[in-house]
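Presented below is the structure to which this report refers.
The values are calculated or read from the model by the stated rules, or taken from the named source; none is laboratory data. If you're wondering where the values come from, they're calculated on a predicted model, not measured in any experiment. A quick note on method: Cβ atoms are made from the backbone with ideal geometry, for glycine too, and the neighbour counts reach across all protein chains shown. Only protein heavy atoms, including side chains, enter the accessible area calculation; ligands, DNA and RNA are left aside. Shrake-Rupley method; radii C 1.70, N 1.55, O 1.52, S 1.80 Å.
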Amino acid sequence: MSYTKSQVSNFLNDKILFRFSISNDFIIEFDDYKEFFTFEELERIIKSNYDYWNSIYGSSPTNFKSTWKSLNDKFNTVKDYIFGLKELNIDSISNQIYYTLSTNRETREQDKIVYILSVSSPIDKDTHFYNI
């Protein structure tokens, strides 16, 4: 059986969330301890940041592009795994996320798992991103 994006999102949203851990060297106005994202939101954030850093790669002395490319590749591996499942199973999905995307996680209220993604780069969710 093949699942739609909505089915996967609805299944994961009340069980798994994500947050970023970003060094203070790379943020101005982003509270990484309060900003939580769903699987679908995570995909958009990763793509947006990867696209941005890829677009300025030739004029930027940083290696932020490779940071976001690596995260994008890992996310796509998890996404392909989930969409290839015959049955959505939170334990197998959680294990895949743990081994592929982030081994850093915490449990929140109502048994929600929050995976923490450490990124050595500015993030466009920072309200002052374009000042960085």
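Treating r as the C-beta distance of residue 6 and residue 103 and R0 as 22 Å, the FRET efficiency rounds to 0.15. Put 115, 50 in order of accessible area, highest first, and with a 1.4 Å probe you get 50, 115. The alpha carbon gyration tensor of the range 1-58 gives principal lengths a ≥ b ≥ c with a/c of 1.5 or higher and a/b no greater than b/c, which makes the shape oblate. When the solvent-accessible area of the range 1-126 is split by element, carbon and sulfur atoms take up 44 percent of it, the probe being 1.4 Å. These residues, 127, 62, go from largest to smallest accessible area, 1.4 Å probe, as 127, 62.
Among the trypsin sites (Lys or Arg not before Pro) in the range 83-114, those located in a DSSP loop and surrounded by at most 14 other Cβ atoms within 10 Å of their own Cβ are 86, 108, 112.
The range 1-107: Rg/Rh from Cα coordinates, Kirkwood Rh? Walk me through the numbers on the way to the answer.
On the way: Rg = 15.0 Å, Rh = 15.1 Å.
Reported Rg/Rh, Kirkwood definition of Rh: 0.99.
With respect to the chain, whose longest principal axis is taken over its alpha-carbon atoms, helix 39-55 is tilted by about 30°. Evaluate the relative contact order of the chain (contact order divided by residue number), counting alpha-carbon pairs under 8 angstrom at least 6 apart; express in whole percent. Computed value for the chain: 40 percent relative contact order.
Can you figure out the FRET efficiency of residue 29 with residue 56, using R₀ = 22 Å and their beta-carbon distance, to the nearest 0.05?
Values: r = 21 Å, r/R0 = 0.95.
Approximately 0.55, to the nearest 0.05.
Counting only protein chains, not ligands or nucleic acids, how are 52, 3, 57 ordered by accessible area (probe 1.4 Å), most first?
Values: 52 70, 3 30, 57 115 Å².
Descending accessible area places them as 57, 52, 3.
For the chain, the longest principal axis of the Cα atoms and the long axis of helix 90-100 meet at an angle of about 30 degrees.
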